[in-house]
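Here is the structure we will look at.
What follows is calculated from the coordinates using simple rules that are stated; it is not laboratory data. Small disclaimer: the values here were computed from a predicted structure and weren't measured. Ideal geometry is used to build each Cβ from the backbone, glycine not excepted, and the neighbour counts take in all protein chains shown.
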Amino acid sequence: MTSLQDFSATSLDGRDVDLSAYAGQVVLVVNTASKCGFTPQFDGLQQLYDRFGDQGFTVLGFPSDQFKQELGSDDEVGAFCQKNYGVSFPMFSKIKVNGKDAHPLYKWLKKEERGLMGRIPWNFTKFLVGKDGQVVGRYSPKTDPADLAADVEKALAA
């Protein structure tokens, strides 16, 4: 696997989504959780999506309960994100982001941008992927989505 487009994932509503659908777009991949101190970042992620979505940018949210801060079912996750944050960007079924059972997408992302010790340290770790499907940046859970706007603009212009 050599690019984002080589992977697939299951959407919150149970559909298999081939990520090649995002070929030619700039994509921000984020592992999310509904009961985390960083959960309010959904607002900022939605703002980025609203601001740049018509220019070929999207956010892909991947809920994970590996840090014990996600709701039970995919339906609950979707309802929470929509009701509390107005999330309209694509959200996927809960996955693992670390360990031997990590989703293949996250195994690849961590290989491309190792970060500290090659792991996802917490919820809301962000990966920016360029139009060519390659990782162009990795950002800490503490990084406010608004602080990514310049990098998104740069990736869109590339």
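Values as computed for the structure displayed
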quantity: Separation in nanometres of the label points that stand 7 Å from Cα toward Cβ, at residue 50 and residue 156; calculated: 1.5 nm
quantity: Cα-Cα over 25 Å, subset of 83/107; 35/154; 94/126; 83/131; calculated: 83/107; 35/154; 83/131
quantity: Cut-off under 5 Å, modelled amide H: who pairs with residue 138 long-range; calculated: 128
quantity: Peptides ranked, highest mean first, by Cβ atoms within 10 Å: ranges 120-131, 51-62; calculated: 120-131, 51-62
quantity: Residue order, fewest to most surrounding Cβ atoms within 10 angstrom, among 16, 50; calculated: 16, 50
quantity: Fraction of antiparallel bridges per DSSP, the chain only, in percent to nearest 5; calculated: 60 percent
quantity: Dipole in debye (nearest 20) - the range 62-158, about Cα centre, beta carbon charges: Lys, Arg +1; Asp, Glu -1; calculated: 420 debye
